[in-house]
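Inspection log for the structure reproduced underneath, given as structure tokens.
Since every read-out is calculated from the coordinates, none of them should be taken as a lab result. Bear in mind that the values here come from a model prediction, so they are computed numbers and not experimental data. Neighbour counts are summed over all protein chains in view; Cβ atoms, including those assigned to glycine, are modelled from backbone coordinates with ideal geometry.
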Amino acid sequence: MTDLKGAVIGCGFFAVNQMHGWADASNVSIVAICDRDPERLKIVGDQFGIERRYSDAAEMFADGGFHFVDIATTVPSHRPLVEMAAKHGVPVICQKPFALTMDDAKAMVAACDVAGVPLMVHENFRWQSPIRAAKAAIESGAIGEVFWGRVSFRSGYDVFSGQPYLATGKRFIIEDLGIHALDVARYLFGDASAVTARTRRVNPKIAGEDVATMMLDHENGITSVVDCSYATKLPVEPFPETLLEIDGSKGTLRLSQGYRLTVHSPDGTQVSDVQPPLLVWASRPWHNIQKSVALIEQHWVDCLKEKREPETSGADNLKTFALVEASYRSAEEGRTVQLAEFLG
Ligand code: NAD
Ligand code: 89V
């Protein structure tokens, strides 16, 4: 099997995890990197031994020599970079949040469609080992038909120390973190048709909302609640755990703090430890997220090789992105918002 060669644009805070993930993945190597900040370019280039380094993505594409590009920059650069990849016929992965607006998101999907290049959004939370374990338990039929669910992320962690830009945007928690939880809700309960949301800012030092509660109507009749907060001070800090409560016709599933999965069914109650492994390059408490990065990257390689559509393709991610947009509109206008307002 020929190894795939990849290039990474953006060598910031999170890209280091992506570089480690690529180093761990089979049948792939990163041959070029790009960052407009020379310091970040040097740090990441030296750490991972990458010789081809660029400050300008256009130059990197012009030189070519890679089978795909992984865009790890913040959102303002996503559309121009994805469109640049499409123009060069290069399959592309783009970090979340996919776009600044729904129009931009749709334009990127269309550009890749027209160019015939695969596009995946790096939406990694659904790849977290505990979330995969919960999905497998649901699919085993143990709790019967699911009728209600909750996806919850409540924390007091200082996320701004690693990602200072999060404190400055008009939008914060739904766009940055809620987007993951909304995608997990779609993964577990199916696509949604409407959302009702409420938001609030508790931390006076930031510009956007740090608390959000969303109620989703799923197309199959399931109701779910997706709630997230960075204003929640708990005795034991759970960051970055996503917790679940799922009720089915025959039983219940709970993913609780400390990576404890409880499945209660007519056959009894099973409690398992679904703590993700601590990869050699990972560190607590980020190890759950770090393992999910390695898994989604391997998924991309496998999909490219087997010419399969990735789970979180650009087209798929429009439905998660629409939930973000609809949640903001719902909170602003105080009404239930149909997803068709964005996807129609
Ligand atoms: P960052 O600011 O630390 O890094 C971004 C890097 O991109 C910077 O070094 C910057 O110089 C570079 N850059 C920006 N525009 C560029 C361009 N046009 N050409 C070349 N280089 C450019 O940001 P970060 O915290 O690493 O976040 C990056 C993205 O990853 C964001 O979209 C964020 O939401 C996402 N993220 C995802 C997860 C996850 O779990 N999926 C976690 C953290 C961050
Ligand atoms: O996804 C993100 O960008 C991050 C974190 C995983 C902490 O939420 O902000």
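I need 318, 41 ordered by Cβ neighbour count within 10 Å, fewest first. Walk me through the numbers on the way to the answer.
Details: 318 21, 41 18.
Neighbour counts put them in this order, fewest first: 41, 318.
State the volume of the convex hull built on the alpha-carbon positions of the range 107-170, expressed per residue in Å³ and rounded to an integer.
Expressed per residue, the convex hull around the Cα atoms of the range 107-170 is 219 Å³.
Got a sec? Which residues in the range 151-192 would a label at residue 113 touch, if it sits 7 Å along Cα→Cβ and we count backbone N under 20 Å?
Flagged as within label range: 191-192.
Under unit Cβ charges (Lys, Arg +1; Asp, Glu -1), what dipole magnitude, rounded to 20 debye, does the chain have relative to its Cα centre? Provide the component values of the computation, followed by the final result.
Values: 34 positive and 44 negative charges, 113 e Å.
Roughly 540 debye, rounded to the nearest 20.
Can you give the FRET efficiency for residue 271 and residue 56, using 1/(1 + (r/R0)^6), R0 = 45 Å, r = Cβ-Cβ distance, to the nearest 0.05? The partial results should precede the final answer.
Working: r = 53 Å, r/R0 = 1.18.
The pair residue 271/residue 56 has a calculated efficiency of 0.25.
Between residue 260 and residue 101, what's the calculated FRET efficiency when r is the beta-carbon distance and R0 is 51 Å? Round to 0.05. Present the calculation step by step, with values, prior to reporting the outcome.
Values: r = 39 Å, r/R0 = 0.77.
Computed FRET efficiency for residue 260 and residue 101 comes out at 0.85.
What net charge is computed for the residues neighbouring residue 276, neighbours being all others with C-beta under 11 Å from the C-beta of residue 276, Lys and Arg scored +1, Asp and Glu -1?
On the way: positive: 132, 284, 291; negative: 241, 273.
Residues close to residue 276 contribute a combined charge of +1.
Given only helices, namely DSSP H runs of n ≥ 4 each adding -39500 (n - 2.57), what is the per-residue ellipticity at 222 nm of the chain, to the nearest 500 deg cm²/dmol?
Details: 10 runs with 118 residues, N = 344.
Computed ellipticity for the chain at 222 nm equals -10500 deg cm²/dmol.
Stretched out fully, how many nm does the piece from residue 336 to residue 308 gain, at 0.36 nm a residue minus the Cα gap? Don't jump to the answer; show the numbers that get you there.
On the way: separation 28, 0.36 × 28 = 10.08 nm, distance 3.54 nm.
Result: 6.5 nm gained on full extension.
Counting other C-beta atoms within 10 Å, and keeping those with at most 15, which DSSP coil trypsin sites (Lys or Arg not before Pro) do you find in the range 247-292? Could the numbers behind the result be given before it?
Numbers: sites: 250, 254, 260, 291; in loops: 250.
Hits after loop and neighbour filter: 250.
Measuring from label point to label point, each 7 Å out along Cα→Cβ, what is the residue 236 to residue 198 span in nm?
Distance between label points: 2.9 nm.
Angle between the Cα long axis of helix 314-333 and the longest principal axis of the chain, 0 to 90 degrees, nearest 10?
60
Build a GNM of the chain with springs between Cα atoms under 10 Å: which of 149, 268, 190 gets the top mean-square fluctuation?
Ranking 149, 268, 190 by mean-square fluctuation puts 268 first.
Give the range of the longest stretch in the chain that excludes all GluC sites (Glu not before Pro) found in loop regions by DSSP and having at most 14 other beta-carbon atoms within 10 Å. Intermediate results must be reported in sequence, preceding the final value.
On the way: sites that count: 51, 145, 219.
My reading of the result: 220-344 is the longest stretch.
In nm², what is the average projected area of the convex hull enclosing the Cα atoms of the chain?
Numbers: hull surface 69.8 nm².
Its Cα hull, projected and averaged over all orientations, spans 17.4 nm².
Got a sec to turn the phi values of the range 149-163 into Karplus ³J(HN,Hα) couplings, 6.51 cos²θ - 1.76 cosθ + 1.60 with θ = phi - 60°, whole Hz, x for Gly and Pro?
x, 9, 10, 10, 9, 10, 7, x, 4, 7, 6, 6, 5, x, 10
On alpha-carbon atoms, Rg over Rh for the range 241-344 using Kirkwood Rh? Write out the running numbers ahead of the final one.
Numbers: Rg = 18.5 Å, Rh = 17.3 Å.
Rg/Rh: 1.07.
Taking K and R as +1 and D and E as -1, what net charge do the other residues with C-beta under 13 Å from the C-beta of residue 340 add up to?
Details: positive: 319, 329; negative: 191, 217, 219, 325, 341.
Result for the neighbourhood of residue 340: -3.
Along the Cα-to-C-beta direction of residue 74, a point sits 7 Å from the Cα; which residues of the range 187-226 have their amide N less than 14 Å from that point?
Taking a point 7 Å out along Cα→Cβ of residue 74, the residues of the range 187-226 whose backbone N falls under 14 Å are 207-208.
Pop a pseudo-label 7 angstrom from the Cα along the beta-carbon direction at both residue 42 and residue 13 and give the gap in nm to one decimal.
So the two model labels end up 2.3 nm from each other.
What residue among 302, 63, 176 shows peak mean-square fluctuation when the chain is described by a Gaussian network model with Cα springs under 10 Å?
In the Gaussian network model the winner is 63.
What Kirkwood radius, in Å to one decimal, follows from the Cα pairs of the range 190-255? Display every interim value, and only then the final one.
On the way: mean 1/r = 0.0713 Å⁻¹.
Evaluated on the range 190-255, it is 14.0 Å.
Considering only the other residues whose Cβ falls under 13 Å of the Cβ of residue 97, what net charge follows from Lys and Arg at +1 and Asp and Glu at -1? Working shown, then result.
Working: positive: 79, 96, 171; negative: 104, 123, 175, 176, 183, 325.
Cβ neighbours under 13 Å give a net charge of -3.
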